[in-house]
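For reference, the structure discussed in these notes is given below.
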Protein chains: 4
Amino acid sequence: SLPLTIIAGPCVLESRAQALEVAGFLKEIATRLGFGLVYKSSFDKANRTSTQSERGLGLHEALPILAEVREVHGVPVTTDVHLPEQCALLAESVDILQIPAFLCRQTDLLVAAAETGRIVNVKKGQFLAPWDMRNVVAKITSVGNPNVMVTERGTSFGYNTLVSDLRGLPIMVRETGAPVVFDATHSVQQPGGQGTTSGGQREFVPTLARAAVTTGIAAVFIETHPDPDHAPSDGPNMVPLAEFEKLIKSLLALDRLVKSEGFGQ
Amino acid sequence: SLPLTIIAGPCVLESRAQALEVAGFLKEIATRLGFGLVYKSSFDKANRTSTQSERGLGLHEALPILAEVREVHGVPVTTDVHLPEQCALLAESVDILQIPAFLCRQTDLLVAAAETGRIVNVKKGQFLAPWDMRNVVAKITSVGNPNVMVTERGTSFGYNTLVSDLRGLPIMVRETGAPVVFDATHSVQQPGGQGTTSGGQREFVPTLARAAVTTGIAAVFIETHPDPDHAPSDGPNMVPLAEFEKLIKSLLALDRLVKSEGFGQ
Amino acid sequence: SLPLTIIAGPCVLESRAQALEVAGFLKEIATRLGFGLVYKSSFDKANRTSTQSERGLGLHEALPILAEVREVHGVPVTTDVHLPEQCALLAESVDILQIPAFLCRQTDLLVAAAETGRIVNVKKGQFLAPWDMRNVVAKITSVGNPNVMVTERGTSFGYNTLVSDLRGLPIMVRETGAPVVFDATHSVQQPGGQGTTSGGQREFVPTLARAAVTTGIAAVFIETHPDPDHAPSDGPNMVPLAEFEKLIKSLLALDRLVKSEGFGQ
Amino acid sequence: SLPLTIIAGPCVLESRAQALEVAGFLKEIATRLGFGLVYKSSFDKANRTSTQSERGLGLHEALPILAEVREVHGVPVTTDVHLPEQCALLAESVDILQIPAFLCRQTDLLVAAAETGRIVNVKKGQFLAPWDMRNVVAKITSVGNPNVMVTERGTSFGYNTLVSDLRGLPIMVRETGAPVVFDATHSVQQPGGQGTTSGGQREFVPTLARAAVTTGIAAVFIETHPDPDHAPSDGPNMVPLAEFEKLIKSLLALDRLVKSEGFGQ
């Protein structure tokens, strides 16, 4: 098993300056601690709870910034894609196309993403069982693209709450053969929980991320921000940049132990 | 309160001949029993469990057929829409644009549908609480289209199962002010429950539809088919045409009692 | 199918005077509207959220009062039983022994209740599927007592919330052959939802009771109280006595329609 | 934080010979690996799915065996208690009285257990939220016994399925102040999932146990058996004795890392 990769960045791309600064900050930690980093930011929050919510810079303004982050800091980048026609353009600037959880069954989007040849990372819908991802992955591989990842981000559990079923991680490994990612940020989301925005439980990001790592997964996804309480999206569940390194160190220590001893198998 | 409307038809539009025949069959019952009918069929099943599943005739072949059904039989028609750019074209041929449950938070799709001025019927996502539909409806009315309906179609309950929380019907009335529809067909779906397709429990369609009608809702949505066991989609949860009239009679009788006595208020 | 029976009374037996008065009030309505009434009150709330909560008069003080209610008003009475050794004594004064939902799998309690020969009404645990009640009923009938009823009172749905799956009512009819009761009071409970007591949603009692009646069930269970907001237990989900008659009229009207037309079959 | 304790043994006490042999086997591992062991077996399975299921030796035959295990092998022992009047007698032979999950709200049982002065380990009901355990613990401490532990064993998730919400472990630490145990055996139970018995997913015991240990909990509960596939109870979720040591080694390695680095805080 390969060592743990970390997918991280602010939920939404706010500005060129912030993107370059945060990516630089994360890259420095990655180099020092010796882990693989993928930088993530969204150009558009297309499914916010309310139209009052901010959506981001948009595709055409954001893509050159992501390309610059990739070039300046030498890190692969990923962003989420919402419509089939966006895929080809995005594939020029990003390394991994991320399919949002709500859209994980939209065949045309999956196929368009697959046809770029880029890695496609599909988030498991909150309404799916882990074994349902077998069919989702097949939609991508059936057009000849074997580069697919799957991400757990919580399952509906009553109203306005998600639960993380850690059995789902080894089940997805077994059922899909794809690298499995645990999204610790959205797993602690409380959808619609604040009336016109979603709430979150930032304090449980480390709890769930550390637990998930013991299953021997490929990557952890953690959104991070210099000042989450003033972030335009997912503030309640993003980890402050100042706490990021400490959290990652705990994940890497657990990952080394788990993979060297073969615990997750 | 207005009498109960019935939204019905085969899940997917299979052929011109079948569409005209089924619509005629349903229209004859509607005229005889005196209820408002809306004919529904999908031109594309864009989010099937597997790529092996059939998807339908496609937009360009299906729209003239829906238009013909509308003209020949004098019934309003509805179909579901998956991408923003399809909305304007669809609005020429159908009376109600239906937003699929998985897509009920996609702002651009909701806005594009709203901007046609047609009635927009949003299915509540399996991952949403009833009160979350307030924000969904606001995305439509905020662009000046007051013609919005909301549809309950079940909520995630463990894996591969949905549950119908009937409290959600009056909650959606109170929170959105919109006419509320109960989709008895998809509420008994077992998502992903047959490996590469979704299963269903057709035997509970009458149970849930009758229960839902007691809350005084505006409409019931029931997919029906001449031969559900050989239908390309949603066969396990569609009602055979031969049983349709008997079921509708029971719904209308309950609806008359409930609304004449003011039970649902 | 027999007409709908109503099981009603204050959650907990507070005093002799109140019991006789409420039972008389209910009996007068039952006689006038022509329905079968069973009077219910608990002598001990043995599983309250907190030890701060009141528990009731206790077995020895309550049993003579229940016996007096039965004699004075000529109504069958029921109460819940918590320990095997209470069953024989209770059977002298009450017509139906009710097994609380949390205890529905305690074999010794079920057997002791069955051995009294009285009717045993088992509430389905919030943690059970409807089909699981087949084994529960068999624990009673296996000792030679065929007089068993089963009651739906909601299923765990996330934290501090219950959901009523109305499919469960016909499933329990099919799986157990026993008369099925819908407990509209505890189905709207919010367990633990007020910190040291359970909350409730009284406003949905009529919604769920009317919906349940359309499945053709045998009885509805509704707790009622002269002043629910000052009741020692289940106040948030009890119906005020002043609203009881109107609610029951709606249930009886629906029950007559459903059973005369055979809808629930 | 103290090092991880392991609570282990066959689900049900089958015979004196087996109890002494299994306890000896486990004790030898505990001594060699240096962990605290508590031996667990039930004298009575009082809430089996069906009356066809075996129940165990009974209180009077089992207690001397548990006492002998304690004396011969020098390990503390625990067993579950179902009725208030059993508590005092059990307290003579066992160190920890375990309250079954279904009974975690029965005030009289909790109080009777508390009054023995022994440690009381309450399993969280499948129908409770983690924060609801604050009131449960207060029922015990309110009678002057501070020796209480709480155990997570899964939460109802749809029908016939449990899910382990690992957030619940730190929540119970915070809300109750009591040592928190993770029961890896019953968390993978599928209640009622095999018709007349409960099923289970033995393969996920290590997955969940390792994940739980990363939260810094006090103990893990794992049922183990020489031949689980022929055990009278919980066979599908017990770990074979032959695999026990390897599993425990992985838990101890993770526990040491987590507690030495302070990850779980």
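Quick rundown of the values:
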read-out: For C:Glu203: the one exception among (1) open to solvent by less than 30 Å² (accessible area, probe 1.4 Å); (2) within 20 Å of C:Gly9 (Cα to Cα); value: (1)
read-out: Residue count for the stretch D:231-251, restricted to those that are away from chain A (no Cβ under 11 Å) and part of a helix (DSSP H, G or I); value: 9
read-out: Answer from B:Phe35, B:Phe25, B:Phe102 - the residue that is under 30 Å from A:Met133 (Cα atoms) and not basic (Lys, Arg); value: B:Phe102
read-out: Given (1) out of contact with any His (no Cβ under 8 Å at 6 or more places or on another chain); (2) surrounded by fewer than 20 Cβ atoms within 10 Å (Cβ to Cβ); (3) closer than 22 Å to D:Gly262 by Cβ; (4) in contact (Cβ under 8 Å) with a residue 60 or more places away in the chain, index of the condition A:Ile248 fails; value: (2)
read-out: Members of the stretch D:58-72 that are under 19 Å from the mean Cα position of the chain (by Cα) and more than 14 Å from D:Gln86 (Cβ to Cβ); value: D:Ile65, D:Ala67, D:Val69, D:Arg70
read-out: Candidates D:Val111, D:Val94, D:Val38, D:Val72, filtered to the one that is surrounded by fewer than 22 Cβ atoms within 10 Å (Cβ to Cβ) and away from chain C (no Cβ under 12 Å); value: D:Val72
read-out: Residue count for the stretch C:196-208, restricted to those that are at the interface with another protein chain (Cβ under 8 Å from one of its Cβ atoms) and either in contact with a strand residue (DSSP E or B) (Cβ under 6 Å, 6 or more places away or on another chain) or not in a helix (DSSP H, G or I) (or both); value: 2
read-out: Hey, D:Gly58 within 12 Å of another protein chain (Cβ to nearest Cβ), touching a residue at least 12 places away in the same chain (Cβ under 8 Å), at positive phi and not aliphatic (A, V, I, L, M) or not; value: yes
read-out: Hits in the stretch A:41-55 - residues which are touching a residue at least 60 places away in the same chain (Cβ under 8 Å) and surrounded by 14 or more Cβ atoms within 10 Å (Cβ to Cβ); value: A:Ser42, A:Lys45, A:Arg48, A:Thr49, A:Ser50, A:Ser53
read-out: Residue ID - farthest from A:Glu21 (Cα to Cα), chosen from residues in the stretch A:216-230 that are open to solvent by 20 Å² or more (accessible area, probe 1.4 Å) and in a loop (DSSP other than H, G, I, E, B); value: A:Gly216
read-out: Among residues of the stretch B:175-189, those that are away from every other protein chain (no Cβ under 13 Å) and either more than 15 Å from B:Gly125 (Cβ to Cβ) or not polar (S, T, N, Q) (or both), counted; value: 6
read-out: Matching residues, the stretch A:172-196, being of a type outside the set (Gly, Ala, Ser) and surrounded by fewer than 21 Cβ atoms within 10 Å (Cβ to Cβ); value: A:Val173, A:Arg174, A:Glu175, A:Pro179, A:Gln190, A:Gln194, A:Thr196
read-out: Total residues in the stretch A:1-19, condition open to solvent by 30 Å² or more (accessible area, probe 1.4 Å) and within 25 Å of A:Lys259 (Cβ to Cβ); value: 4
read-out: Odd one out for B:Gln106 among (1) in contact with a helix residue (DSSP H, G or I) (Cβ under 6 Å, 6 or more places away or on another chain); (2) more than 18 Å from B:Ile7 (Cα to Cα); value: (1)
read-out: Failed item, numbered, when D:Tyr159 is tested on (1) more than 14 Å from chain B (Cβ to nearest Cβ); (2) of a type in the set (Ser, Thr, Tyr); (3) farther than 22 Å from D:Lys40 by Cα; (4) out of contact with any helix residue (DSSP H, G or I) (no Cβ under 6 Å at 6 or more places or on another chain); value: (1)
read-out: Only listed residue being touching a residue at least 40 places away in the same chain (Cβ under 8 Å) and in contact with a strand residue (DSSP E or B) (Cβ under 7 Å, 6 or more places away or on another chain), chosen from D:Ala184, D:Ala211, D:Ala218; value: D:Ala218
read-out: Candidates B:Leu37, B:Leu66, B:Leu33 - the one that is touching a strand residue (DSSP E or B) at 6+ places or on another chain (Cβ under 6 Å) and within 13 Å of B:Phe244 (Cβ to Cβ); value: B:Leu37
read-out: Matching entry among A:Lys139, A:Lys124 (being under 30 Å from B:Trp131 (Cβ atoms) and away from chain C (no Cβ under 14 Å)); value: A:Lys124
read-out: D:Arg153 being more than 22 Å from D:Ala184 (Cβ to Cβ) and either open to solvent by 10 Å² or more (accessible area, probe 1.4 Å) or not polar (S, T, N, Q) (or both); value: no
read-out: Single unsatisfied condition, C:Leu254 versus (1) outside any loop (DSSP other than H, G, I, E, B); (2) surrounded by fewer than 23 Cβ atoms within 10 Å (Cβ to Cβ); (3) touching a helix residue (DSSP H, G or I) at 6+ places or on another chain (Cβ under 7 Å); value: (2)
read-out: Yes/no for A:Val22 being open to solvent by less than 10 Å² (accessible area, probe 1.4 Å) and either within 14 Å of chain B (Cβ to nearest Cβ) or farther than 28 Å from A:Ala211 by Cα (or both); value: no
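The values are calculated or read from the model by the stated rules, or taken from the named source; none is laboratory data. Fair warning: this is a prediction, and the values are worked out from it, not measured in the lab. So basically every Cβ, Gly included, is an ideal-geometry build from the backbone, and we count neighbours across all protein chains shown. Please note that ligands, DNA and RNA were not included when accessible areas were found on the heavy atoms of the full protein model with its side chains. Shrake-Rupley method; radii C 1.70, N 1.55, O 1.52, S 1.80 Å.
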